[in-house]
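Below: the structure, in structure tokens.
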Amino acid sequence: MNEADSEIIAGLLEDCNYRATRVPEEADIILVNTCSVREGADSRAIAHLSQYKNLKKHNPGLTLGLVGCVAQRDRGKILEQKPFIDLVLGPDTYRRIPELIIHANKPCIDVHLSKQEVYEGLMPFRNTQVNAWVSIMRGCNKFCSFCIVPFTRGRERSRAVESIVTEVKKAIQDGYQEITLLGQNVNSYKHQEDRFPDLLKTVALIPGVKRIRFTSPHPQDVDEAMLKVMREHENICKSIHLPLQAGATKILKLMNRTYSKEKYLDVVDKIREYMPDCSITTDIIVGFPGETDEDFEETLDVMDRVVFDNAYMFKYSPRPGTAAVKLPDDVPENVKAERLNRIIEKQKAHLLAKNRALVGTVQTVLIDGFSKKDRDEKIGRTDTNKLVILKAGSACIGEMVKVLIFDAVGVSLFGKVD
Ligand code: 5AD
Ligand code: SF4
């Protein structure tokens, strides 16, 4: 979401005749877009911006800004502690960037959270080659007890279908092959009478859209209408990110996740009933307050039953201002670390087994870049979002090719154009 927001900001600056540079010494404006979802991301972001402060000696007009969720959360504190920062802007105030920069009223802070802002009508300045991020809704009303997002990004609001369609058509015209619909709770999209399955279908029918992905859905809002649309349209990728967070119903309740272990497993069964080969990925937190060994075993049990295609795994960290900070952070750090290791190892084994089962099959891969290790190799993704390193011959970035998978090592698949 931050990458997509950064592209919106870059689009606004392009419209004011600013041009992008990769050389910090050349820049007149440096904005660092920040995430505060987990501990550490915020301090890293401020440290990142601090490294540019000396550039002001040579370019006194340089504007340094901190934008996004850390800016939203820490507001005035940042200007007090880091006086070299000129701009502090929350996620709903980016439209003001041209005005603030042109008038150079420094320092300036705006962390107003909006009930309406969806950045409709702005064209992002895209930073990608194959995939175009298209933000369809913002904010979150779910209030999971561990999560800072509802406080830094405000309430849910969705963009009109027509404005999303216009942006997708423009991205296709500009040569993008893949569209990823984005939202904090992407499948609780709701604009007037339109719901997420309606939007998904409308986007799938736009000529030239080779692939559609979306992230992140909430298990509570996965319904049969969504699964039906996914099954009916070949260009909607058969891949769902379904954040689990924890396996034990007791912990899920404390997390305010609105589903039980059984309900989560039912959603997985439903997905597989509609699309047996759909990949399912997840997010897991270990060491939430009150998580006993038995509760943790339930997380392992869900992993064994589902066998996820991929997982983002975290140790719980208390986020000030959330409901969970009122609970004692009672799982010792070493236990958190040990649990994290156990799920990482399990996930590695599951991924490798799943990938090995694909050896010998032919997969449709959309090529999206060069391999970092070997410039003769390219990388791409299967419909199910698996990374493939491939000998692609003359096939170009942006091409869809049939690839014979001949090996699976670590987290990667290896293939050659069939
Ligand atoms: N501690 C650890 N992980 C968290 N996440 C969100 N908040 C926290 C927290 N306080 C994780 C969740 C979420 C992902 C984006 O980050 O798993 O799905
Ligand atoms: Fe955070 Fe929960 Fe909202 Fe996701 S659904 S953004 S985890 S509060």
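Residues in the range 345-369 that are loosely packed, with under 14 Cβ neighbours inside 10 Å and assigned to a helix (DSSP H, G or I): 4 in all. I'm checking my understanding of the structure. Among residues of the range 184-200 that are under 18 Å from the mean Cα position of the chain (by Cα) and within 11 Å of Asp221 (Cα to Cα), which one is nearest to ligand 2 (Cβ to nearest atom)? So the residue we want is Asn185. For the range 276-290, residues that are surrounded by 19 or more Cβ atoms within 10 Å (Cβ to Cβ) and either within 12 Å of Lys315 (Cβ to Cβ) or more than 15 Å from ligand 2 (Cβ to nearest atom) (or both) total 9. Would the range 134-149 turn up any residue that is more than 16 Å from ligand 2 (Cβ to nearest atom) and at pLDDT 95 or above? Yes; the residues of the range 134-149 include at least one that is more than 16 Å from ligand 2 (Cβ to nearest atom) and at pLDDT 95 or above.
Do we find that Val32 is within 16 Å of ligand 1 (Cβ to nearest atom), under 25 Å from the mean Cα position of the chain (by Cα) and closer than 26 Å to Glu117 by Cβ in this structure? No: the conditions fail for Val32.
Going through (1) over 28 Å from Leu387 (Cα atoms); (2) in contact (Cβ under 8 Å) with a residue 40 or more places away in the chain; (3) within 10 Å of ligand 1 (Cβ to nearest atom) one by one, Phe314 falls short only on (1). Annotation note: Cβ proximity below 6 Å between a residue of the range 145-157 that is within 9 Å of Thr322 (Cβ to Cβ) and a residue that is within 11 Å of ligand 1 (Cβ to nearest atom) and basic (Lys, Arg) (sequence gap 6+ or interchain) occurs for Ile148/Arg319.
On the given criteria, is Glu234 surrounded by fewer than 19 Cβ atoms within 10 Å (Cβ to Cβ), away from ligand 1 (no atom under 14 Å from the Cβ) and farther than 30 Å from Thr166 by Cβ? Against the criterion (surrounded by fewer than 19 Cβ atoms within 10 Å (Cβ to Cβ), away from ligand 1 (no atom under 14 Å from the Cβ) and farther than 30 Å from Thr166 by Cβ), Glu234 does not qualify. Identify the residue in the range 293-321 that is under 17 Å from Val331 (Cα atoms) and among the polar types (S, T, N, Q) and, among all such residues, is surrounded by the most Cβ atoms within 10 Å (Cβ to Cβ). It comes out as Thr299.
Applying the condition of being in contact with a Leu (Cβ under 8 Å, 6 or more places away or on another chain) and within 16 Å of ligand 2 (Cβ to nearest atom) to the range 203-222 and asking which residue is nearest to Gly183 (Cα to Cα) yields Thr215. Among the residues of the range 29-79 satisfying the criterion of being in contact with a strand residue (DSSP E or B) (Cβ under 7 Å, 6 or more places away or on another chain) and either of a type in the set (Asp, Glu) or on the phi > 0 side of the Ramachandran plot (or both), which is surrounded by the most Cβ atoms within 10 Å (Cβ to Cβ)? The extreme case among them is Gly68.
A count restricted to the range 3-54 and to residues that are among the acidic types (Asp, Glu), touching a residue at least 60 places away in the same chain (Cβ under 8 Å) and touching a helix residue (DSSP H, G or I) at 6+ places or on another chain (Cβ under 8 Å) stands at 2. Of all residues in the range 81-103, at least one satisfies being closer than 22 Å to His48 by Cα, surrounded by 19 or more Cβ atoms within 10 Å (Cβ to Cβ), free of Cβ contacts under 8 Å to residues at least 40 places away in the same chain and touching a His at 6+ places or on another chain (Cβ under 7 Å). Report, by residue number, each residue of the range 104-139 that is assigned to a strand (DSSP E or B) and either within 18 Å of the chain's Cα centre (by Cα) or of a type in the set (Asp, Glu) (or both). Hits for the range 104-139 are Asp110, Asn131, Ala132, Trp133, Val134, Ser135, Met137, Arg138.
Considering only residues that are part of a helix (DSSP H, G or I) and either within 16 Å of ligand 1 (Cβ to nearest atom) or touching a strand residue (DSSP E or B) at 6+ places or on another chain (Cβ under 9 Å) (or both), which ones fall in the range 202-226? Break it down stepwise before answering.
Let us first name the residues in the range 202-226 that are part of a helix (DSSP H, G or I), namely 202-204, 219-221, 224-226.
Thr202, Val203, Ala204, Pro219, Gln220, Asp221, Ala225, Met226, listed by residue number.
Of all residues in the range 147-170, at least one satisfies being within 16 Å of ligand 1 (Cβ to nearest atom) and among the basic types (Lys, Arg). In the set (1) touching a residue at least 12 places away in the same chain (Cβ under 8 Å); (2) outside any strand (DSSP E or B), Arg375 fails one condition alone, (1).
Within the set Leu181, Leu205, Leu200, the sole residue that is surrounded by 17 or more Cβ atoms within 10 Å (Cβ to Cβ), more than 17 Å from Val118 (Cβ to Cβ), in the same structural domain as Arg138 (by TED's automatic domain parsing) and modelled with pLDDT of 95 or more turns out to be Leu200.
The values are calculated or read from the model by the stated rules, or taken from the named source; none is laboratory data. Because the structure is predicted, anything quoted here is derived from the model rather than measured. With ideal geometry, Cβ positions are generated from the backbone for all residues, glycine too; neighbour counts draw on all protein chains shown.
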